[in-house]
Amino acid sequence: VEAREAYSAARPRSAAIHARAREVMPGGNTRTVLFYTPFPTAMVRGEGARVWDADGRDYVDFCGEYTAGLFGHSEHRILDAVKAAMDHGVNLAAVGENEGKLAALICARFPSVEQVRFTNSGTEANIMALAGARGFTGRTEVLAFRGGYHGGVFTFPVGVPTSPVNLPIPMRFADYNDAEGAARAIREAGDALAAVIVEPMQGSAGCIPATREFLIALREACTETGAVLVFDEVMTSRHGFGGLQQRMGVTPDMTTFGKYMAGGMSFGAFGGRRDIMAMFDGHRAGAMPHAGTFNNNVLSMAAGCVALGEIFDEAAAEALFARGEALKASVNAACARHGVAVHFTGTGSMLSPHFRPGPVTAPYKASVAEEQMRELFFFDMLAAGIYLARRGMVALMLPVTDADCARFVAAVEEFCAARKPVL
Ligand code: PLP
């Protein structure tokens with residue numbers, strides 16, 4: 001309560017922004033992930049790896065727009081590309097050259113992607129990938145994993161019953177990282193199953209990496225039954241030049257993308273095997289529809305070509321991955337020094353805190369005490385000038401420095417010393 005009160009007292013402008021928005025928007029915002037009580041901090045400016053809130057405080061941005069902010073705020077090469085695109089007219093109602101260029105960049109990187117199409121978000125990318133898989137197989141059902149998040153209504157938190165009312169597709173569920181159980185569920189579903197969709201590291205469930213054994217079991221069971229294996233790499237494609245699939249050495253049939261790939265402009269894409277993607281080939285009779293006014297919007301296409309073609313190359317991807325692994329090691333060492341029930345899981349540049357002893361290898365429903373500690377952690381980090389996702393997830397941006405990471409570790413260490421979380 002004290003931390004919440006201190007938070008509110010320090011942010012009168014954010015409180016007013018929230019109060020006004022609440023009159024005309026349920027909850028006062030338009031993204032569930034940005035909502036928390038008493039009210040979310042409103043940001044007014046960002047530059048590099050820094051953000052400023054409406055009350056004039058500044059923070060190091062460790063939230064990284066939930067991975068979409070990979071390039072940092074106002075990266076000059078991306079800005080130049082966007083400005084140039086705007087100078088030539090924004091809504092041209094026509095195909096352009098950049099979409100083919102961006103598609104080629106993506107196909108050249110990701111082992112599973114022979115062809116690709118664009119959307120405006122990761123949610124849409126998943127909807128279209130699953131539609132394609134259903135059309136290709138002539139089957140209807142989709143298997144996903146408890147704890148998985150695939151955007152919008154495709155959210156399956158552990159311990160929350162999934163409402164079929166929300167879902168446009170008949171779903172089955174299995175447990176994440178349970179190789180045997182998942183393979184059994186796929187085989188049992190047999191001819192009914194069109195697709196299996198999985199994050200190769202569960203992001204919103206708390207940065208929980210899949211084991212290679214688990215992904216291989218999915219690969220084998222899908223090959224056997226003919227279900228299309230879809231990797232949702234909306235977040236994890238940053239974990240290597242060819243995504244987490246390349247790092248793990250497991251190739252799905254289809255992959256979905258989003259977040260950072262258009263340099264911070266709105267983006268989504270789905271791609272995969274040529275025979276599956278041919279479902280959308282307008283040269284064929286009976287091609288499946290895939291429309292969308294902004295799918296090839298010139299800002300995203302131009303920014304994406306620069307982001308993937310000129311900035312986030314193999315060396316940059318490896319350096320970011322290594323920085324994340326180093327941060328995880330040093331922050332976990334700091335937690336261990338204090339002997340507290342806090343540790344971080346994740347892969348490369350994405351990590352999440354857990355307020356329980358490790359190891360955490362599967363998603364779980366947190367206790368009330370754990371949730372309270374998570375809230376306290378968030379407020380304490382804000383007070384220390386560190387901006388994070390409310391659930392504590394870190395997504396490093398390219399301009400984050402070693403000094404920024406040291407500051408993060410020091411703030412976590414201070415939290416451990418002050419709050420001594422033992423559960
Ligand atoms: N899939 C995963 C794994 C995600 O983490 C997200 C967003 O956080 C999505 C899909 C949805 O992407 P978008 O928010 O662009 O619709």
| task | Restricting things to alpha carbons, find the Rg to Rh ratio for the chain using the Kirkwood radius for Rh. | result | 0.96
| message | What does the extension gain come out to for Glu213 and Glu180, with contour length at 0.36 nm per residue minus their alpha carbon separation? | response | 10.9 nm
| remark: In Å, the C-alpha Rg and Dmax of the stretch 1-67 are 12.3, 33
| field | 13 Å cut-off, amide nitrogen to a point 7 angstrom out along Ala16 Cα→Cβ, residues in the stretch 48-86 | value | 54-56
| task | Please find the FRET efficiency linking Arg284 to Glu325, where r is the Cβ-Cβ separation and R0 is fixed at 41 Å, and quote it to the nearest 0.05. | result | 0.35
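Explain nothing, just the number: dipole magnitude of the chain about its Cα centre with +1 on each Lys and Arg Cβ and -1 on each Asp and Glu Cβ, in debye rounded to the nearest 20. If you can, show how the numbers build up before the last one.
Values: 39 positive and 44 negative charges, 123 e Å.
Around 600 debye, computed over the chain.
How big is the stretch 70-172 by the Kirkwood estimate over distinct Cα pairs, in Å?
Kirkwood hydrodynamic radius for the stretch 70-172: 17.1 Å.
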| According to a simple spin-label model (label point 7 Å from Cα along Cα-to-Cβ), what is the distance in nm between Arg407 and Arg187? | 5.4
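Counting only C-alpha contacts under 8 Å and six or more residues apart, can you give the relative contact order of the stretch 246-387 as a whole percent? Display every interim value, and only then the final one.
Numbers: 116 pairs, mean separation 19.1, N = 142.
Relative contact order here is 13 percent.
When the convex hull of the Cα atoms of the stretch 76-311 is projected onto a plane and the area is averaged over all directions, what value comes out in nm²? Walk me through the numbers on the way to the answer.
Working: hull surface 50.7 nm².
Result: 12.7 nm².
If I take every Cα pair under 8 Å that is 6 or more residues apart in the chain, average their sequence separation and divide by the length, what percent do I get for the relative contact order? Mind dumping the intermediate values first?
Details: 809 pairs, mean separation 91.2, N = 423.
Value for the chain: 22 percent.
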| remark: The distance between the Cα centres of the stretch 180-202 and the stretch 225-299, in whole Å, is 19
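Please work out the Kirkwood hydrodynamic radius for the stretch 142-227, using every pair of different C-alpha atoms, and report it in angstroms with one decimal place.
Working: mean 1/r = 0.0768 Å⁻¹.
Taking the inverse mean of 1/r over all distinct Cα pairs, the stretch 142-227 comes out at 13.0 Å.
At a Förster distance of 35 Å, what's the computed FRET efficiency of Val24 paired with His76, Cβ-Cβ distance as r, to 0.05? Write down the numbers at each step before the final one.
Numbers: r = 36 Å, r/R0 = 1.02.
After rounding, the FRET efficiency stands at 0.45.
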| said: Largest first, please: the extent of the C-alpha atoms of the stretch 9-141 along each principal axis, to the nearest Å. | reply: 55, 41, 30
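Not counting the cut sites, what is the longest span of the chain without trypsin sites (Lys or Arg not before Pro) that DSSP labels loop and that have at most 10 other Cβ atoms within 10 Å? Present the calculation step by step, with values, prior to reporting the outcome.
Working: sites that count: Arg31, Arg284.
With trypsin sites (Lys or Arg not before Pro) excluded where exposed in loops, the chain gives 32-283 as its longest stretch.
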| query | Do the alpha carbons of any pairs in Lys259/Lys328; Lys328/Lys365; Lys101/Lys328; Lys101/Lys365 sit beyond 32 Å of each other, and which pairs? | reply | Lys101/Lys328; Lys101/Lys365
| field | Dimensionless Rg over Rh [the stretch 262-352; C-alpha; Kirkwood] | value | 1.20
| said: Can you give me the angle between helix 402-419 and the longest principal axis of the chain, using Cα atoms only, in degrees from 0 to 90, rounded to the nearest 10? | reply: 60
| request: Go from 0 up to the bin containing the longest alpha carbon distance in the stretch 304-390, width 10 Å each, and give me the % of pairs per bin. | output: 15, 38, 30, 14, 3
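Given the -39500 (n - 2.57) contribution per DSSP H run of 4+ residues, what per-residue ellipticity at 222 nm results for the chain, rounded to the nearest 500 deg cm²/dmol? List each step's numbers first, then the result.
Details: 13 runs with 165 residues, N = 423.
Per the formula, -12500 deg cm²/dmol.
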| said: Between helix 179-189 and the chain, what is the angle of the helix's C-alpha long axis to the longest principal axis, kept within 0 to 90° and rounded to the nearest 10? | reply: 40
| message | Just to be sure I understand: with springs between alpha-carbon atoms less than 10 Å apart, which residue in Leu143, Leu388, Leu92 has the highest mean-square fluctuation in the Gaussian network model of the chain? | response | Leu92
| Which angle between 0 and 90 degrees, to the nearest 10, do you get for helix 368-383 versus the longest principal axis of the chain when only C-alpha atoms count? | 70
| Neighbourhood charge, 11 Å Cβ-Cβ cut-off, centred on Gly226 and excluding it, Lys, Arg +1 and Asp, Glu -1 | -2
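Taken together, the values in this text are just the output of simple stated rules run on the coordinates, not laboratory data. The structure presented is a predicted model; accordingly, all values stated were derived computationally and were not measured. FYI the Cβ positions are ideal-geometry reconstructions off the backbone, even for glycines, and counts take in every protein chain you see.
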